[in-house]
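Scroll down for the structure; my scribbles are underneath it.
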Amino acid sequence: MDKVSNLREAIARDIQDGMAVAMGCALESLIPFAAGYEIIRQKKQDLTLIAPISDIQFDQIIGAGCVKKVVASWVGNVAAGLGHNFRRAMEEGIPQRLEVEEHSNFTLALGLKAAAMGLPFLPTKTARGSDFAREPHYAEIDCPFTREKLLAVRAIQPDLAILHVQRADSEGNAHVWGNFGVLREAAFAAKKVLLTCDEIVDHEVILSDPNRTVVPGFLVSSVVHLSFGSHPSPTQGYTRRDDDFYFEYHKESRAPEGFKRWLEKWILGVKDHSEYLALLGPERLQRLKPEGNLFSLPVSFNF
């Protein structure tokens, strides 16, 4: 089944106001920024955003007024520290106050894993004795075998996971390599998956390396081809991290007026991803392309 779509149609079809959306689940890489920008352009409202570390993506969507709740272990700018929009929302209610479900990286991974397994929770020995244990999404339990005290982490099931991958076929079978954090857990936990990818390949390419198929097509509702779709975050093999973009954003978003100017220039002032890339310019994009090759050794799948 061909699931290839364009970004505008996929976001309009797959996201409704009030949904819980997992994105940026590969920590500092493979962040689906282009999809986040389209969410802002379409003015989606009252979203719950889910990810361990989303870098500046959550800060941008929060600043645009699209977010009601955050389920995360950290929100900010990895390169520079604070997420100014997140801080304004929490301290001043600008543009609106947020509900926060706080996790560690590990407990958020456990919550997604529990949902992926169809379980109501998973137990852990970590976080006991911390402030986390008092939150409603945790509960102390006794191990039925040893009577040891454990902490149960409630399952986290997104309505949708938006994931960026290196390549996928038209049915949504996706190859991912490098550090992908909890991307796989998010894909299996969510009710449906929207993929953006740097390359759409023939199904035979996916079959040629089955161990690299992290997201199977039966989970996927839409596949969108977006070269540099993770910019400014890196996609191993396709684009390096654009460090300057993060520092520029940090400086410009320090005040609400500066963020509004940034938003107008980079998101609202361009109609789609192709215009965004044109604004970046060919020289900047060329500098972000990895130089040389670091191929893995070949393997044989013959029996």
Exercise for the section: Assess whether Leu30 counts as being out of contact with any Asp or Glu (no Cβ under 8 Å at 6 or more places or on another chain), buried (at least 23 other Cβ atoms within 10 Å of the Cβ) and either farther than 20 Å from Thr235 by Cα or touching a residue at least 40 places away in the same chain (Cβ under 8 Å) (or both). Expected result: yes
Problem - Cross-chain or 6+ apart pairs with Cβ under 9 Å, the range 4-15 first and surrounded by fewer than 19 Cβ atoms within 10 Å (Cβ to Cβ), then in a helix (DSSP H, G or I) - result: Arg8/Glu38; Arg8/Arg41; Ala12/Glu38
Practice task
Take the range 195-241 and flag every residue that is of a type in the set (Ser, Thr, Tyr) and either part of a loop (DSSP other than H, G, I, E, B) or surrounded by fewer than 16 Cβ atoms within 10 Å (Cβ to Cβ) (or both).
Solution key: Ser208, Ser227, Ser230, Ser233, Tyr238
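Each row is one residue, and each column tells you yes or no for (1) in the same structural domain as Trp266 (by TED's automatic domain parsing); (2) farther than 21 Å from Ser233 by Cα; (3) β-branched (Val, Ile, Thr).
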position	(1), (2), (3)
Ala51	yes, no, no
Phe58	yes, no, no
Lys68	yes, yes, no
Arg88	yes, yes, no
Lys113	no, yes, no
Handout entry: Filter pass, Phe86 being part of a helix (DSSP H, G or I), aromatic (Phe, Trp, Tyr), free of Cβ contacts under 8 Å to residues at least 40 places away in the same chain and surrounded by fewer than 16 Cβ atoms within 10 Å (Cβ to Cβ)
Key = no
Handout entry: Residue match in the range 35-56 (condition: without any contact (Cβ under 8 Å) to a residue 40 or more places away in the chain, within 24 Å of Lys251 (Cβ to Cβ) and in a loop (DSSP other than H, G, I, E, B))
Key = yes
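The values are calculated or read from the model by the stated rules, or taken from the named source; none is laboratory data. Given the structure is predicted, the values throughout are model-derived calculations rather than measurements. Glycine also receives a Cβ, built like all others from the backbone with ideal geometry; neighbour counts cover every protein chain displayed.
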